[in-house]
Amino acid sequence: MSVFWLIVAIALLVTSRTITHKIRPDGLGNLVFGLCNLGMLACLGLAFFALMEPSRSTSGYPGQGADTLIFIGKCLGGLLVVIGIGWAMVTVQRGRRLQQDTFDGPDVSLSLDHSAGVVVISQRGNLTAHRVPLGHLVVEMKPYDDGDHKRARLVFKMWPKGKEGALLSPEKAAATMTTLAEVHTWLNNARDALAWVRRHPGVELDAGAIRQSWDEASQDLLRYCRQQRSATGNPAVELHQFGDGPALSYVAIEKDGQVLAGMGEHPSLEPVTLPLVPHGSRRVSVTIAGTAVFFDLTDDQVRILQRLQTMGQLRVAETNR
């Protein structure tokens with residue numbers, strides 16, 4: 001019996017080395033290759049246990065009753081052990097492959113260029129290679145069914161860089177991301193590509209860290225403007241909006257109608273001499289450093305400005321609307 005299992009193991013070894021690479025699609029070929037290797041290991045285990053089996057009766061069959069159960073139990077136990085070892089070996093091999101600086105998939109290839117600080121994306125059949133700065137790669141994976149096959153759409157995008165190290169508004173950056181490549185591949189290959197990206201720290205965009213940096217810098221600017229006010233307590237109306245940098249356009253309308261405003265990456269508050277200009281019922285423009293800046297108002301802010309205007313403490317330009 002041990003000779004039989006050895007012959008089967010050799011047949012599976014030859015099959016895995018000569019036939020599986022010809023199977024299409026590639027995902028199915030990889031699956032058959034792995035199963036052949038697991039089957040080969042299982043057959044070697046069965047051959048070993050068959051060789052170690054105590055001598056049989058002259059009929060060539062194991063003894064009756066308990067001997068038969070023991071024999072079957074050993075075979076099944078050995079098969080489970082070998083399958084477990086084989087699965088662990090495949091998992092370790094996959095882990096090592098994903099730790100390398102290059103991922104070579106059937107439809108997309110990824111590689112790290114540490115000296116240039118970029119990750120290079122190449123598609124099969126496409127001469128164009130995309131070079132993305134580390135920390136600016138965004139990968140989206142969407143699985144779908146193609147008949148009886150499990151496939152996925154991989155989309156590679158690049159998060160824009162600010163000029164001279166300036167921070168970009170996360171909302172603006174997300175809206176202006178560049179789509180570099182869109183790949184349709186087998187689901188397992190897509191999962192491997194995504195796992196490769198995430199096993200290399202610093203390759204993929206850290207959206208949480210970017211949002212935190214933006215929020216901290218923005219709140220520092222807002223606090224800097226508020227500290228420049230001489231009046232105590234909160235202003236009657238406070239308007240502000242952030243831009244790339246970050247930069248801040250800030251307006252404080254005090255309870256006595258005085259208007260202070262500043263804008264830029266280091267805004268200094270100065271009195272506003274020109275009247276506020278309404279645009280519709282809930283929008284107003286304020287001239288800051290010679291530039292008209294538009295702000296949207298809440299219902300409460302509209303009521304407060306109307307009251308200050310009625311009391312003669314706030315100048316609001318007249319419009320034809």
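The values are calculated or read from the model by the stated rules, or taken from the named source; none is laboratory data. As the structure is a prediction and not an experimental result, all values here were calculated from the model. FYI the Cβ positions are ideal-geometry reconstructions off the backbone, even for glycines, and counts take in every protein chain you see. Remember, those area values only see protein heavy atoms, side chains included, never the ligands or the DNA or RNA. Shrake-Rupley method; radii C 1.70, N 1.55, O 1.52, S 1.80 Å.
In region 124-195, the ratio of gyration radius to Kirkwood radius, Rg to Rh, stands at 1.06 when only Cα atoms are counted. A protection proxy built from the mean count of other Cβ atoms within 10 Å ranks the segments 118-126, 138-146, most packed first, as 118-126, 138-146.
Arrange the peptides 259-268, 242-251, 171-180, 276-285 so that the one whose residues have, on average, the most other Cβ atoms within 10 Å appears first.
Details: 259-268: 18.5, 242-251: 20.5, 171-180: 13.3, 276-285: 15.0.
Top of the packing list down: 242-251, 259-268, 276-285, 171-180.
Rounded to the nearest 0.05, what FRET efficiency do ALA166 and LYS255 have when you use their Cβ-Cβ distance and R0 = 45 Å? FRET efficiency, ALA166 to LYS255: 0.80.
Given a Förster distance of 45 angstrom, what is the FRET efficiency for GLU265 paired with ILE85, based on the Cβ-Cβ distance and rounded to 0.05?
On the way: r = 61 Å, r/R0 = 1.35.
The formula returns an efficiency of 0.15 here.
Between the amide H of ALA181 and those of PHE156, distances stay under 5 Å, these residues lying 5 or more places away or on another chain, with hydrogens modeled in the peptide plane.
Using a Förster distance of 22 angstrom, determine the FRET efficiency expected from the C-beta separation of THR319 and GLN241, and round it to 0.05.
Efficiency computed from Cβ-Cβ geometry: 0.50.
Roughly what % of Cα-Cα distances in region 104-144 sit above 14 Å, to the whole percent?
Values: 431 of 820 pairs.
Of all Cα-Cα pairs in region 104-144, 53 percent lie more than 14 Å apart.
Which far-off residues, 5 or more places away or on another chain, put their amide H under 5 Å from the one on VAL237, with H placed in the peptide plane? HN-HN under 5 Å from VAL237: ILE253. Per the Debye formula on identical point scatterers at the alpha carbon atoms of region 135-260, with no solvent, log10 I(q)/I(0) at q = 0.13, 0.20, 0.22 Å⁻¹ is -0.69, -1.09, -1.20.
Tell me, what is the per residue accessible area of region 176-265 in Å², probe radius 1.4 Å? Could you put the intermediate results ahead of the total?
Working: 4380 Å² over 90 residues.
Solvent-accessible surface per residue comes out at 49 Å².
Taken over region 223-321, the ratio of Cα radius of gyration to 2.2 N^0.38 Å equals 1.02. The separation of region 219-275 from region 110-145, counted between C-alpha centres, amounts to 43 Å.
So, with a 1.4 angstrom probe, what is the percent of accessible area on region 99-165 that is carbon and sulfur? Working shown, then result.
Values: 1840 of 4010 Å².
Exposed carbon and sulfur together represent 46 percent of the surface.
Taken over region 184-258, the alpha-carbon convex hull comes to 141 cubic angstrom per residue.
Summarising the label geometry, the points placed 7 Å from Cα in the beta-carbon direction at ARG307 and THR291 lie 3.3 nm from one another.
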